[in-house]
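Asker: If you scroll down you'll find the structure; I have some questions about it.
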Amino acid sequence: MKKTALYKKHIELGAKMVPFAGYEMPVQYSGVNSEHKNVRENVGVFDVSHMGEFLVKGENALELIQKISSNDASVLFPGRAQYAYFPNNNGGIVDDMITYMIDENHYMLVVNASNIEKDWEWINQQNNCNAQLENISDNTSLIAVQGPKAKELLQEFTDLNLSEIKFYHFKQGSFSDYKDIIFSATGYTGSGGFELYVPNEIAEDIWDLIFKSNSKFDVLPAGLASRDTLRLEMGYCLYGNDINDNTSPISAGLGWVTKFSKSFISDDLIKKDKEEGTEHKLVAFELLERGIPRKDYEIQDVNGVQIGYVTSGTMGPSVEKAIGMGYVKSNYSELGNKIFLKIRNKAIPAQLVKLPFYKKND
């Protein structure tokens, strides 16, 4: 098992460690609910250094990215980030990712931890335009400082005006005495904040400074379990659950990051799905009776016939409801429809709802 540069900090904080994507990672510290609610109300700090980072450079960098990305990276400018996915040759999804334009002919792709090797191999296979590729995953730490007080906390450590950094934008600047830190207004929680890309050798120092900051911010460390409940309340897809190599991006609701104004891998197959529709659609639901939805539970119609399956589910700590996502046959996917989840041989009713589950005025 690999360890992130912050492993010792998690042990000191009494984290429960679990194997995840080849790393020993903190799943929780004080508890899922308390960590979750603290991100919603104050500041939670996640070590997500297991994520992958690839640099794409050179005159042909954009050409390669346009080929492998579903989104249109030509609209990017230095300081702008973009959500997208890598389509595979069958119209499925290799991975989802964020593209950062660092400078002219200089990009960074951030990918899921469980897919680093697969993605790296895939990108290299597609690189027939000789873009310069570098895998910096093992040298880079990623600290996600999330929550409504995150901006105020971080502002004490930098000369950058963090209020000027819009969602999915980023700037490079100093953090205390450390230079060239990327402050990215991205995250996986829906509660605002920043993600800090830092070299491994200073990750512990940055972590310590954040936690030594003024107690008025109520900073708590947060683990992978609360990261999952936070993202699910927002309806964000998780690779391996809600999307995978066999998923049609259109059925997964990713048409909004699929740009047919340029050509990319499998664009013909994906365009066909968009024009003709897909057999299944990813939907969001709330349980109407007691129960907790879990991955792979059957979704049934009123007659007990299977029409789909659950991909993600939990009891949402902020919405105080049992919530989930899953695929159903497209003719059952209309908002407001009632479905049934098979939980311990019982058919528990649920209703299809609009995402996100969590809204800031909840």
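Asker: First obtain the Kirkwood hydrodynamic radius of segment 1-278 from its Cα pairs, then insert it into the Stokes-Einstein equation at 20 °C and 1.002 mPa s, and state the resulting D in µm² per second as a whole number.
Answerer: Calculated translational D: 111 µm²/s.
Asker: Provide Arg227, Arg294 in ascending order of the number of other Cβ atoms located within 10 Å of each residue's Cβ, fewest first.
Answerer: Result, fewest neighbours first: Arg294, Arg227.
Asker: Can you list the aspartates and glutamates whose alpha carbon is less than 15 Å from that of Lys16, not counting same-chain residues fewer than 8 positions off?
Answerer: Glu24, Glu35, Asp47
Asker: Tell me which of Asn337, Tyr188, Gln172 sits at the most positive position along the dipole axis of the chain, charges placed on C-beta atoms (Lys, Arg +1; Asp, Glu -1).
Answerer: Highest projection toward the positive end goes to Asn337.
Asker: Share of Cα-Cα pairs in segment 170-250 beyond 22 Å, in percent?
Answerer: 42
Asker: Please compute the volume of the convex hull spanned by the alpha-carbon atoms of segment 176-219 and report it per residue in Å³. Present the calculation step by step, with values, prior to reporting the outcome.
Answerer: On the way: hull volume 4.0 nm³, N = 44.
Enclosed volume per residue, from the Cα hull, is 90 Å³.
Asker: So what is the relative contact order for the chain, in percent, with contacts set as C-alpha pairs under 8 Å and at least six apart?
Answerer: 18 percent.
Asker: Per residue and in cubic angstrom, what volume does the convex hull of the Cα atoms of segment 1-156 have?
Answerer: 139
Asker: Taking the Cα-to-Cβ direction at Val75 and at Lys342 and moving 7 Å from each Cα, how far apart do the two end points lie in nm?
Answerer: 4.3
Asker: I would also like to ask the following. Identify the residues of segment 87-126 with backbone N under 12 Å of a label point that sits 7 angstrom from the Cα of Glu279 along the Cα-to-Cβ direction, or state none.
Answerer: none
Asker: Give me P(r) over segment 279-362, computed from all C-alpha to C-alpha distances, binned every 10 Å, as integer percentages.
Answerer: Calculated P(r), rounded to whole percents: 20, 58, 20, 2.
Asker: Please arrange His36, His169, His10 by counting, for each residue, the other beta carbons lying within 10 Å of its beta carbon, fewest first.
Answerer: So the residues, fewest neighbours to most, are His169, His10, His36.
Asker: Based only on other Cβ atoms within 10 Å, what is the fewest-to-most ordering of Met234, Met1?
Answerer: Neighbour counts put them in this order, fewest first: Met1, Met234.
Asker: So which of Lys259/Lys329; Lys67/Lys262; Lys9/Lys166; Lys149/Lys321; Lys212/Lys359; Lys149/Lys360 end up more than 20 Å apart, counting from Cα to Cα?
Answerer: Lys259/Lys329; Lys9/Lys166; Lys149/Lys321; Lys212/Lys359
Asker: Distance between the C-alpha centers of segment 20-77 and segment 214-263? Whole Å please.
Answerer: Rounded to whole Å, the Cα centres lie 10 Å apart.
Asker: Also, I was wondering about something else. Along the charge dipole of the chain, pointing to its positive end and built from +1/-1 on Cβ of Lys, Arg, Asp and Glu, which listed residue (Leu133, Met17, Val94) has its Cα farthest out?
Answerer: After comparing all options, I get Met17.
Asker: Okay, next question. Evaluate the distance, in nm, between pseudo-label points positioned 7 Å from the Cα of Val305 and of Lys271 along their respective Cα→Cβ axes.
Answerer: 3.5
Asker: How about segment 86-172: which chymotrypsin sites (Phe, Trp or Tyr not before Pro) there lie in a loop by DSSP and see at most 13 other Cβ atoms within 10 Å?
Answerer: Phe167
Asker: Something else now. Gain in length, Glu289 to Asp103, computed as 0.36 nm per residue apart minus the alpha-carbon separation, to one decimal in nm? Numbers along the way, then the final one.
Answerer: On the way: separation 186, 0.36 × 186 = 66.96 nm, distance 5.19 nm.
Between Glu289 and Asp103, full extension yields an extra 61.8 nm.
Asker: For segment 71-155, how big is the tail of P(r) above 17 Å, as a whole percent of Cα pairs?
Answerer: For segment 71-155, the fraction of Cα-Cα distances above 17 Å is 59 percent.
Asker: Output the direction-averaged projected area (hull surface divided by four) of the convex hull of the alpha-carbon atoms of segment 131-195, in nm².
Answerer: Result: a mean projected hull area of 5.3 nm².
Asker: Take the Cα coordinates of segment 35-87, assign each an equal point scatterer, and use the Debye formula without solvent to give log10 I(q)/I(0) at q = 0.20, 0.30 Å⁻¹.
Answerer: -0.83, -1.26
Asker: Same structure, new question: What size of dipole, in debye to the nearest 20, comes out for the chain about its Cα centre when the only charges are +1 on Lys and Arg C-beta atoms and -1 on Asp and Glu C-beta atoms?
Answerer: 1240
Asker: Let me ask something additional. Using 0.36 nm per residue, how much length does the chain from Glu334 to Asp208 gain when fully extended, once their Cα-Cα distance is taken away? Mind showing how you got there, number by number?
Answerer: Details: separation 126, 0.36 × 126 = 45.36 nm, distance 4.81 nm.
Working it through step by step, the gained length comes to 40.5 nm.
We did not get these values from a lab; they are worked out from the coordinates using the rules stated. Here the structure is a predicted model, which is why all the values come from computation and not from measurement. Reconstructed Cβ throughout: ideal geometry from the backbone, glycine too, with neighbour counts over all protein chains shown.
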